[in-house]
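This report concerns only the one structure given below.
The values are calculated or read from the model by the stated rules, or taken from the named source; none is laboratory data. Nothing here was measured: the structure is a model prediction, and the numbers come from that model. No Cβ is skipped: glycine too gets one built from the backbone with ideal geometry, and neighbour counts run over all protein chains shown. Side chains included, ligands, DNA and RNA excluded: accessible areas come from the protein's heavy atoms. Shrake-Rupley method; radii C 1.70, N 1.55, O 1.52, S 1.80 Å.
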Amino acid sequence: MRKKMFIFLIILLMVILITSHVFASTSGIVLKEGMRGREVALLQQKLKELGYYYGSVDGVFGWRTKLAVMNFQRSRGLKVDGIAGYWTLRALNLSFDNTYRGYEGRFSARDIELLARLVYAEARGEPYIGQVAVAATVLNRIKSPLYPNSIPEVIFQIEGGRYQYSCVPDGQINLTPDETARKAVYDALSGFDPSKGAIGYYNPKKTNDLWVRQRPVTVIIGDHVFFK
């Protein structure tokens with residue numbers, strides 16, 4: 001009798017541990033209409049890969065994303081409410097663990113705030129995913145042997161007598177960033193790179209620079225063309 005009870009307790013403990021692990025894999029995140037950010041972009045990308053979403057992966061949970069979630073839920077026999085909660089995320093096999101890990105210790109709070117100021121100055125009004133991409137290009141430059149190896153040096157670099165970012169000489173780099181810009185920076189620091197490895201970007205409506213226009217394009221997001 002004791003042996004059976006012992007085996008039962010072991011099995012129960014294993015079930016609890018497995019369930020806890022699966023639950024933790026989604027970090028308790030619930031995504032719904034009106035939300036935006038890296039998690040929404042990853043949700044859109046997954047739905048797109050499965051053939052349920054046909055819009056742009058912009059990190060904004062709008063009606064198209066909601067409709068895609070509902071169609072996915074319907075196909076899996078889940079509650080059709082357009083909200084990506086635990087069961088929907090589990091069915092999609094989406095995990096958001098370590099979303100913001102990996103940046104601590106690499107950059108100072110001042111550097112991170114400076115990068116947020118750049119994102120706000122250069123990309124406010126752009127899709128959220130485009131703001132993340134702008135931040136990612138700075139980090140990609142730091143990784144490249146062709147550019148300086150710190151955030152301040154990259155942002156304030158002068159090449160051929162010109163600043164690399166127009167927001168520096170015109171003073172917009174000194175504007176206070178909003179929380180969207182700050183979140184975009186953290187998403188980029190965590191490894192999210194919608195720029196697809198780009199080292200720069202430009203607005204074709206605002207520049208006639210032949211050099212940037214001749215660079216290989218990685219992606220176009222909003223008004224920005226990202227290049228390598």
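Confirm whether SER195 is in a loop (DSSP other than H, G, I, E, B), within 27 Å of VAL60 (Cβ to Cβ) and open to solvent by 30 Å² or more (accessible area, probe 1.4 Å). Please lay out each step first, then the result.
Values: in a loop (DSSP other than H, G, I, E, B): yes; within 27 Å of VAL60 (Cβ to Cβ): yes; open to solvent by 30 Å² or more (accessible area, probe 1.4 Å): no.
Judged against the criteria, SER195 is not a match.
In the stretch 30-58, how many residues are part of a loop (DSSP other than H, G, I, E, B) and buried (at least 20 other Cβ atoms within 10 Å of the Cβ)?
5
Is it the case that GLY125 is modelled with pLDDT of 95 or more, part of a loop (DSSP other than H, G, I, E, B) and of a type in the set (Gly, Ala, Ser)?
For GLY125, the condition - modelled with pLDDT of 95 or more, part of a loop (DSSP other than H, G, I, E, B) and of a type in the set (Gly, Ala, Ser) - is not met.
Tell me which of these GLY102 doesn't satisfy, since it passes every other one: (1) at pLDDT 95 or above; (2) not in a helix (DSSP H, G or I).
Only one criterion in (1) at pLDDT 95 or above; (2) not in a helix (DSSP H, G or I) is unmet by GLY102, namely (1).
Hey, among the residues in the stretch 147-183 that are aliphatic (A, V, I, L, M) and free of Cβ contacts under 8 Å to residues at least 40 places away in the same chain, which one's farthest from VAL134 (Cα to Cα)? It would help to see each step written out before you state the result.
So in the stretch 147-183, the residues aliphatic (A, V, I, L, M) come out as 151, 154-155, 158, 168, 173, 175, 181.
Filter again for free of Cβ contacts under 8 Å to residues at least 40 places away in the same chain, leaving 154, 158, 168.
On the way: VAL154: 13, ILE158: 18, VAL168: 15 Å.
Top of the filtered list is ILE158.
Are there any pairs, at least 6 apart or on different chains, whose C-beta atoms fall under 9 Å, with the first in the stretch 77-91 and in contact (Cβ under 8 Å) with a residue 24 or more places away in the chain and open to solvent by 50 Å² or more (accessible area, probe 1.4 Å) and the second part of a helix (DSSP H, G or I) and among the charged types (D, E, K, R), and if so, which?
ILE83/LYS66
Being among the small types (Gly, Ala, Ser) and either over 26 Å from THR218 (Cα atoms) or at pLDDT 95 or above (or both): is that true of GLY85 here?
For GLY85, the condition - among the small types (Gly, Ala, Ser) and either over 26 Å from THR218 (Cα atoms) or at pLDDT 95 or above (or both) - is met.
May I ask you to list the residues in the stretch 143-155 that are open to solvent by 30 Å² or more (accessible area, probe 1.4 Å), part of a helix (DSSP H, G or I) and touching an Asp or Glu at 6+ places or on another chain (Cβ under 9 Å)?
The one that is open to solvent by 30 Å² or more (accessible area, probe 1.4 Å), part of a helix (DSSP H, G or I) and touching an Asp or Glu at 6+ places or on another chain (Cβ under 9 Å): PRO152.
Kindly indicate the residue of the stretch 156-181 that is part of a loop (DSSP other than H, G, I, E, B) and small (Gly, Ala, Ser) and also surrounded by the most Cβ atoms within 10 Å (Cβ to Cβ) among those meeting that condition.
Looking at residues that are part of a loop (DSSP other than H, G, I, E, B) and small (Gly, Ala, Ser), I get SER166.
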